[in-house]
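Taking it in order: structure first as structure tokens, then the write-up.
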Amino acid sequence: FKGGDTCEYLLSSGRFLGEKVWQPHSCMMHKYKNSEAKNCLIDKHVVFIGDSRIRQLFYSFIKLINPQVKEEGIKHGNIPFEDKSASIKVDFLWYPEVNGSMRQRIKSWTEGSVAKPHIIVVGAATWSIKIHNGSNEALAQYKINITSIAPLLEKLAISSDVYWVLQDPVYEDMLSESRKMITNEKIDAYNEAAVRILNSSSRNSKAKVKVFSVSKLIAQETIMKSADGLHLPESSRDTNAMILMNVYCNKIMKPIDGSCCQPQPPLTLIQKIAFCFFTLSIIGYLIISLIHRNNYRKNKSCTDLESGEEKKPAISTPNVSTLEMLLQCFCKLGLIMTYFYLCDRANLFMKENKFYTHSSFFIPIVYILVLGVFYTENTKETKVLNREQTDEWKGWMQLVILIYHISGASTFLPVYMHIRVLVAAYLFQTGYGHFSYFWIKGDFGVYRVCQVLFRLNFLVVVLCIVMDRPYQFYYFVPLVTVWFMIIYATLAVWPQIVQKKANGNCLWHFGLLLKLICLLTCIYFLSYSQGAFEKIFSFWPLSKCFELNGNVYEWWFRWKLDRYVVFHGMLFAFIYLALQKRQMISEGKGDPLFSNRVSNVLLFISVVSFLTYSIWASSCKNKTQCNELHPSVSVVQILAFILIRNIPGYVRSVYSSFFAWFGKISLELFICQYHIWLAADTKGILVLIPGYPMFNVLVSTFIFVCVAHEISQITNDLAQIVVPKDNSTLLKRLLCIAGFFSGLHFFSAMQDQSRH
């Protein structure tokens, strides 16, 4: 950690990811849209002063505001640009040499009450080299002229953003005869003079001219593609314009995926309270640990010198043990949350943009699949979708999703569509698992509901507080929470139909099917009635949970994307359990699920269906159209996978313990990746070890997995304490939780008021 300014890194260093994606050193660069650029530059005046290279930069810059602009201005003259809708004024002033004329123009902005430009971009040198045939006298005069201009620029830098653009290298082999004297050696000499003279007299950090030297690095990689050896190709100058936009606009617009030039956000009131709580928990745990250690030493078993017997230590009381466990959990959680904050809120660790290549996604996939197959063990039971198998399924899906996120594979549509199926498969398991539990156990008690809700939401609630993010930001947890409540409501409302009751009378099966049909009707209605959906979730307090950026559209989109798959999971569970009860399937060890003929036919259909979906997903051309079809067809590949995995007896009898281990902590892995494996709320990659990408991924992954595992243990321990089985105690805890959320809402309202 150098403690450097990320603006300085953005202006001076970086590298190319692939051919066109520029990666600044240590931070992430946002790709500004036209609307964002206008919002940032509203009522601003920007001036570009220099030669034809600066004119190129000027055109690339104004195309970020208005892409329809054509490069039709006078080549050797001033070019104005104005966007009246946002009151943006951008001017190019033709001053190809650093001379008295340029000095006079800059001086005019420093005198009297003349309106100063908000951004000034200056640069020139190649004309001086060309006109004076690369003479040393011209270089000496250049130094004198910059020395006279530097104080004026530093004076302007107090109130405006002033950038001096260093000269890019040229491709000497392509230069025309009239430009042969412009050599890279001469350019380096001019650049060296500019860097040495600028800011030499300024002691005030606010009055510094920012040296735009990154264009040199970009030009070194791309100048070979230049049309004339002097001017940069369009992609390179567009990159320079985007860097300029990031330097100025990131601190104003604060884009999530633009960490360069963004100051560290101040601690909110809720974050400060959380910090105090975790600090007190750590102190409390240390005090209790010291007290217990002293008591242990006093009561430690020791040999009686007379009788030779051992004295047994005193046993601690259960109340102290519970308190100690509670404080220990919050102590560990406090340390973990500190790491979360340092990784993704403090400007301590570096962050980089994602860059997708096929190898960065598929090679790790092959690697983990080989590992998974290597750790093969026999299952304890051979039922369809037994516990080991579902853990394995969650595990390998989660690992694939993690690789998908860190590699930036969402830009490749076939991979995106297959990942959508994996997310749908998680929700399918939600429908299957919770339906099976309620149907078989008939347990609709408050304890069960509170246990599930606590385990699903505990980590997300803590992260909302510590990382200052809305609940809907972690969209998957609200999704599975709402679907759990829908499943519970469907089965718990009168008449409660469970397996035990249905076995006595077959008509109850039809009653349950009617319930499922009603559920499907409601889902269908809400999916095609955005207004009704938004009205339901816009009521307080639901709006506090499901709004993102002031509306519930994102929540509606996420819900709609996999709207039928939970229903499919419930229906599959109902059909499977009915077949199992009537002994129409064989689940013995090594036995196929059905007769050989039926099993072979179903396997053939499953393989064909699985491959057909993959072919369709791989041929997708439009994400919007494919997302429209996805809710209806994703179940095809899910059911095909279940049948392929369970029909053959041997395949059903084994599982991968490697994948199952990850499956047990899949929820924690999915949520933790937001801040301690990825960065900038999943938009980038966390860099703990700069300069060594593979080593960095290994180290950050190890820490990330350990943290997820530890949080899973903490959640399980706290669930036993916070959600007791005794109903009267549970009611008291629920009142405390209600009080906690009321306080959270109160402090949140105070925060919002202070922000506005």
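The values are calculated or read from the model by the stated rules, or taken from the named source; none is laboratory data. Fair warning: this is a prediction, and the values are worked out from it, not measured in the lab. Ideal geometry is used to build each Cβ from the backbone, glycine not excepted, and the neighbour counts take in all protein chains shown. Protein only, heavy atoms only, side chains kept; ligands, DNA and RNA dropped before computing areas. Shrake-Rupley method; radii C 1.70, N 1.55, O 1.52, S 1.80 Å.
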Report Ile737's accessible area, 1.4 Å probe, all protein chains in place, as a number in Å² to the nearest 10.
50
Any chance you could look up the accessible area of His45 with a 1.4 Å probe, heavy atoms only, rounded to 10 Å²?
40
Ordering Lys298, Lys623, Lys254 from largest to smallest accessible area (1.4 angstrom probe), what's the sequence?
Lys298, Lys254, Lys623
Separation between Cα centres of region 629-658 and region 455-514, rounded to whole Å
23
Net charge near Phe484, counting Lys/Arg +1 and Asp/Glu -1 over other residues with Cβ under 13 Å of its Cβ?
+2
For Val121, residues with placed amide H under 5 Å, excluding near neighbours:
Val47, Phe48, Ile49, Tyr163
Add +1 for every Lys or Arg and -1 for every Asp or Glu among the other residues with Cβ under 14 Å from the Cβ of Phe662, and state the total.
-2
Check each of the trypsin sites (Lys or Arg not before Pro) in region 67-158 and keep only those in coil by DSSP with at most 15 other C-beta atoms within 10 angstrom; list them in order.
Lys70, Lys75, Lys84
So how far apart, in nm, are the two label points at Ile144 and Asp91 if each is 7 Å from Cα heading toward Cβ?
2.8
List the chymotrypsin sites (Phe, Trp or Tyr not before Pro) within region 476-575 that fall in a DSSP loop (any state other than H, G, I, E or B) and whose Cβ has at most 11 other Cβ atoms within 10 Å.
Tyr528, Phe539
Reduced to Cα centres, the span from region 424-445 to region 132-211 in Å works out to 70
Evaluate the relative contact order of region 370-473 (contact order divided by residue number), counting alpha-carbon pairs under 8 angstrom at least 6 apart; express in whole percent.
12
Taking the mean number of other Cβ atoms within 10 Å as a proxy for protection, how do you rank 455-463, 90-98 from highest to lowest?
90-98, 455-463
How would you order 624-631, 210-217 from highest to lowest mean count of nearby Cβ atoms within 10 Å?
210-217, 624-631
The answer for the net charge of residues other than Ala617 whose Cβ lies under 14 angstrom from its Cβ, with Lys and Arg +1 and Asp and Glu -1, is +2
Before I look further, what does the chain give for accessible area per residue, probe 1.4 Å, in whole square angstrom?
49
Counting each DSSP H run of 4 or more residues in the chain as -39500 (n - 2.57), what helix-only mean residue ellipticity at 222 nm follows after dividing by all residues, to the nearest 500 deg cm²/dmol?
-20500 deg cm²/dmol
C-alpha long axis of helix 234-253 to longest principal axis of the chain, angle in °:
70
Return one number: the angle in degrees, 0 to 90 and rounded to the nearest 10, between the long axis of the Cα atoms of helix 52-65 and the longest principal axis of the Cα atoms of the chain.
40
Taking the alpha-carbon distance from Lys501 and a cut-off under 18 Å, which aspartates and glutamates remain once sequence neighbours fewer than 8 residues away in the same chain are dropped?
Asp443
In region 639-730, trypsin sites (Lys or Arg not before Pro) in a DSSP loop with at most 14 other beta-carbon atoms within 10 Å:
Lys725
Using label points projected 7 Å from each Cα along Cα→Cβ, tell me how many nm separate Phe746 and Ser657, to one decimal.
5.2
To the nearest 0.05, what FRET efficiency results for Gln720 and Phe275 with a Förster distance of 25 Å applied to their C-beta separation?
0.40
Dipole of the chain, positive end: most advanced residue of Phe695, Ala719, Leu290 [Cβ charges, Cα centre]:
Ala719
Accessible-area order (highest first, 1.4 angstrom probe) of the listed residues Asp43, Asp344, Asp228
Asp43, Asp228, Asp344
Counting DSSP beta bridges with both ends in region 6-253, the antiparallel % (nearest 5):
35
To the nearest 10 degrees, how steep is helix 507-527 against the longest Cα principal axis of the chain, on a 0 to 90 scale?
10
Quick one: accessible surface of Tyr416, probe radius 1.4 Å, all protein chains present, in square angstrom to the nearest 10.
30
So, in Å, what gap is there between the alpha-carbon centers of region 714-744 and region 253-292?
23
When the accessible area of the chain is split by element with a 1.4 Å probe, what percent falls to carbon and sulfur?
61
Hits in region 662-687: amide N under 15 Å from the 7 Å Cα→Cβ extension of Val699, namely 677, 686-687
Could you tell me what % of all Cα pairs in region 184-262 have separations over 17 Å?
61
Once you sort the root eigenvalues of the Cα gyration tensor of region 6-253 as a ≥ b ≥ c, which label holds: rounded (a/c under 1.5), prolate (a/b larger than b/c) or oblate (the other case)?
rounded
Hey, if we sort Leu269, Leu731 by accessible area with the 1.4 Å probe, largest down, what's the order?
Leu731, Leu269
